[in-house]
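The values are calculated or read from the model by the stated rules, or taken from the named source; none is laboratory data. Note that the structure is a prediction, hence the values are computed from the model and not measured. When we count neighbours, we look across all protein chains shown, and the Cβ atoms used for this are built from the backbone with ideal geometry, even at glycine. The accessibility values were calculated without ligands, DNA or RNA, using every heavy atom of the protein model including side chains. Shrake-Rupley method; radii C 1.70, N 1.55, O 1.52, S 1.80 Å.
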Amino acid sequence: MLGTVLHAPRDIRCEEVEEPKILKPTDAIIKLSASCVCGSDLWPYRGIQAVNGPQHMGHEYCGVVVEVGREVKTVRPGQFVVGSFCLSDNTCPHCRFGFQSSCEHREFMSGAQAPYARIPMADGTLVATDEMPPDDLVPSLLAASDVLGTGWYAADAARVTPGCTAVVVGDGGVGLMGVLAARQLGAGRIIAMSRHKARQELALEYGATDIVTERGDAGVAQVKELTGGVGADSVLECVGTEESMMQAIYCWRPGGSIGYVGVPHGVELDGQMLFFQQKNLLGGPAPVRRFLPHLIDLIMTRQINPGKVFNLEVPLDQVAEGYKAMDERRAIKALLRL
Ligand SMILES: [Zn+2]
């Protein structure tokens, strides 16, 4: 079969890869309904994260189960399933505490930018829908696998509560999903930081009440002004750079909370600064599995439409254009048709 392989920075190819097969009795094989490119795929694509030999890319997936290992009990062939980019047993103490992304047996998904994929720990990782979803819901269900689940975790970790003021730093796919999540969790005011017209419009559609176009100190000053000099109750940091992290930290009020889900690259925080800032920090890879049943329900009943975050669709053999468009910020997120 064909799959997406990153050979070196900016050298992404659609080429022949090995077809997945059951390796352990707890595995499942799924036929993907669609795949996509993640903002985090851009870190190795841009060479910011090392590429050590060819990598079969892709960690966001949903589709139909075609085969299961003999120990798999909760999903069966023919079912439509969504899983997290973090593979988990969903039974260990960390999973039961709601942190499946720190599962004692955690693995990270790969090889999902392809027509078929192997899902280890299928029972713990996959959630089946009650019925086969209509085609138009596939992009939204695919979004639940990572971009939506991660934006949701940012809002959850930032302790968004009804009526609170939330700031979202970052207008990529995750940031926009963070706006959607903050809205769903009842935030009264949602300040989205964005300089791009198309992204601002989507943020407003997803529930943002204010847009701040400034960055750095000027952006912080703007947020302070909008909050009567106090700062936000909740801040969702959805980028992962030193600048975005500092912007997030200075935007939120003492006692407030930050959910940081942008994978930090080059971020260094000073202990005394953190001590006197007096704020809650929770981040890390999102425990998407915790939120999946609720997110699938919201999508299947058409209460949310996260699939709109895909504003580019390309066939798998043109995956290079998907990466390029996201790298150049022409596309928010690229859907791959298989
Ligand atoms: Zn676990």
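Here the Gaussian network model covers the chain, with springs between Cα atoms less than 10 Å apart; of ALA154, ALA144, ALA248, ALA248 fluctuates the most. Using the Cβ-Cβ distance between ARG76 and ALA221 with R0 set to 56 Å, the FRET efficiency works out to roughly 0.50.
For ARG289, the accessible surface of its heavy atoms amounts to roughly 40 Å² (probe 1.4 Å, protein chains only, rounded to the nearest 10). Share of Cα-Cα pairs in the chain beyond 26 Å, in percent? Within the chain, distances greater than 26 Å cover 46 percent of Cα pairs.
If you fit an axis through the alpha-carbon atoms of helix 216-226 and take the longest principal axis of the Cα set of the chain, what angle between them do you get, 0 to 90°, nearest 10? On a 0 to 90 degree scale, this one is about 70. Of the residues VAL127, VAL263, VAL230, the one that moves most in a GNM of the chain with alpha-carbon contacts below 10 Å is VAL230.
Counting only protein heavy atoms and a probe of 1.4 Å, the accessible surface of segment 220-303 is 53% carbon and sulfur.
Pairs with C-alpha atoms separated by more than 23 Å, drawn from the list LYS21/LYS333; LYS279/LYS333; LYS31/LYS333; LYS24/LYS73, are LYS21/LYS333; LYS279/LYS333. The residues of the chain expose, per residue, 42 Å² of accessible area to a 1.4 Å probe. Each residue of segment 128-270 gets 114 Å³ once the volume of the Cα convex hull is shared out per residue. Largest mean-square fluctuation among GLY284, GLY271, GLY229, in a Gaussian network model of the chain whose springs join Cα atoms under 10 Å apart, belongs to GLY271. Here the accessible area of segment 1-96 is 50 percent carbon and sulfur, with a 1.4 angstrom probe and all protein chains present.
Expressed per residue, the C-alpha convex hull volume of segment 193-338 stands at 146 Å³. Across segment 182-189, coupling constants 3J(HN,Hα) worked out from phi with the 6.51/-1.76/1.60 Karplus curve, θ = phi - 60°, read 4, 5, 4, 7, x, 3, x, 9 Hz, and Gly and Pro carry x.
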